[in-house]
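Just below is one structure, and these are the notes that go with it.
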Amino acid sequence: MMAHAAILSNNKHLKENRGNVAVDLQDLSRRLFQTANQLWTNTALRPDQYAQPVLALIALRQMETKFDLVGQELAKTFTGRLSPAPSDYQGRGAVFLPDNARFSYLLGLPETSNLAEALNEAMKGITEANPDLAGVLPQGYGSLPDSVLRELMRLLAPLKIEGDAYGLIFEYFMGQFASAFMQKGGEYFTPSSIVKLIVEVIEPYHGKIFDPACGSGGMFVHSAEFVRRHHKTPSRELSVHGTEKMADTQRLCRLNLAVHGLSGDIREANSYYEDPHGMVGKFDFVMANPPFNQSEVDRDRLVNEAGKVDARFPLGIPTTNNANYLWIGMFYAALNETGRAGFVMANSASDAGGSEKEMRRKLIESGAVDCIISTSPNMFFTVTLPVTLWFLDRRKAMGPRGDQVLFIDARHIFHQVSRAYRDFTPEQIEFLGNIVRLWRGEEVEVEAGSAALVASAFGGEGYRDVLGLCKAANRAELAALDWSLNPGRYVGVALGEQRDDEDFKMRLEALQEELEGLNAEAARLQAVIAQNVAEVLEA
């Protein structure tokens, strides 16, 4: 199983970071993927075809846990002959489950029963009771062996549920399926610690959130967690809007939202050419991890019949065959006058020349570029390339920091999970968020344990530039460095540390970025060729 080694190496990380979860995730993941191997070996299904049915079973287990908890709350209100309606459950963030659609009922069916048929009926019943899930839940269990389905359900059933355990399991496996089987050229599943850092900086307390390349919806889920952490109810505070071009992934996103007690307006569309949300100036928050360095976008479709560039691209259209700055312009355009955006971007975009430099200058001169954070390599599951996190804030443009950009060099801040994989700890995420808060003049947060780090770097005296860590640069300084948004060119190095050859590193990173994009594309083409050959041989 091609993903198994990566899974085992990452299990340790999941277990360590989530030690409060009373589930042996290492053992669970090993057994679940053994079962997935049965599907891979003994059926004609491709991994991307059985990923959704398997994830739906995990989701069903989580749905029942939430359903039971909400049911206990409702029982205090609905007494005697009164019984709660589906809307009472849905209003509290739970999916309503008919009797024949509960995990425990399905698990208890006799061995002689047709479990696949029962699961199809269960999914149908859930959809009828919860119209928001129309088209989301799979109906193809007939193609999976009953023995495999029973084994999957038995593996999930006895686990002790505490907190959001199944939510974590669901997220973990969704990430594994996505990273192992759904990776396409330049598109990578976003690790949760990267998403959490984006959320920490843009602070989506209340408003409309948009992700025009939403994938499986991780940005939305972690925004909701941020709201819960600040003692508010996500469904009342956040309005979720997303666009995803792949039909299967769009359904996965809606399932992910349901598992986490959320709903949203998730459309299937290609964000380059379609605008189902009428996005310009509409959103309080934009979050995204768009495909990197995508080429061959049809520029003729980005202008109207009069030759005018669509309003979704206010920075213009780059002359290079690279869509990075189309995405950046799109994120900027989607924000309202006080909106904030946070997104993952290829490192090469920070110093790109030609028309992209002019687009970057235009964006910087708007005053909306808020903060740029560089990360270390190996933060993603399947690729080594480092990335840069860009943050925009249109309200900032109107204030005293309007001509400044905060640069944070976080390349030396990480938790080494395994030889090949790193992430941020909650303490590190909070610390990086606190640098931004100090610069904004906001109160720092210390619940995750970052107080010592903050005191060590800033000494309790508010924000100041720290060599090797952070630098607030004004527009003249940016102009002097060719409008670069590369933190390494502004932050410098701490005393006692050796200065790297920044130009060499930039060139090497760009080459590595290109190589990994080509490797991903080669892997995709190899899979397509293999599939085509198999179909020819079977014909």
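The values are calculated or read from the model by the stated rules, or taken from the named source; none is laboratory data. Values in this document were obtained by computation on a predicted structure and should not be read as measured data. Glycine gets a Cβ as well: all are built from the backbone with ideal geometry, and neighbour counts include every protein chain shown.
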Open item on the list: Please go through region 390-408 and give me each residue that is buried (at least 22 other Cβ atoms within 10 Å of the Cβ), in contact with a Gly (Cβ under 9 Å, 6 or more places away or on another chain) and under 19 Å from ASP482 (Cα atoms), ordered by number.
Closed with: TRP390, PHE407
Task: VAL444 vs. criteria over 18 Å from the mean Cα position of the chain (by Cα), on the phi < 0 side of the Ramachandran plot and touching a residue at least 24 places away in the same chain (Cβ under 8 Å) - done: no
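Condition check ((1) in a helix (DSSP H, G or I); (2) more than 21 Å from VAL387 (Cβ to Cβ); (3) modelled with pLDDT under 65; (4) not aliphatic (A, V, I, L, M)) across all residues:
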residue	(1), (2), (3), (4)
GLU497	no, yes, no, yes
ASP500	no, no, yes, yes
GLU509	yes, no, no, yes
GLN512	yes, no, no, yes
Task: Boolean, MET330 is outside any helix (DSSP H, G or I) and either in contact with a Ser or Thr (Cβ under 8 Å, 6 or more places away or on another chain) or of a type in the set (Lys, Arg) (or both) - done: no
Task: Elements of type helices (runs of 4 or more DSSP H) contained in region 215-305, each with 2 or more residues being under 25 Å from ARG394 (Cβ atoms) and not aromatic (Phe, Trp, Tyr) - done: 218-229, 234-237
Open item on the list: Being more than 24 Å from ASN486 (Cβ to Cβ), within 21 Å of the chain's Cα centre (by Cα), modelled with pLDDT under 95 and buried (at least 17 other Cβ atoms within 10 Å of the Cβ) narrows it down to one residue among VAL417, VAL387; which is it?
Closed with: VAL417
Task: Which numbered condition GLU427 misses (of (1) assigned to a helix (DSSP H, G or I); (2) buried (at least 18 other Cβ atoms within 10 Å of the Cβ); (3) not polar (S, T, N, Q)) - done: (2)
Open item on the list: Can you report the number of residues in region 135-155 which are β-branched (Val, Ile, Thr) and either surrounded by fewer than 16 Cβ atoms within 10 Å (Cβ to Cβ) or under 27 Å from the mean Cα position of the chain (by Cα) (or both)?
Closed with: 1
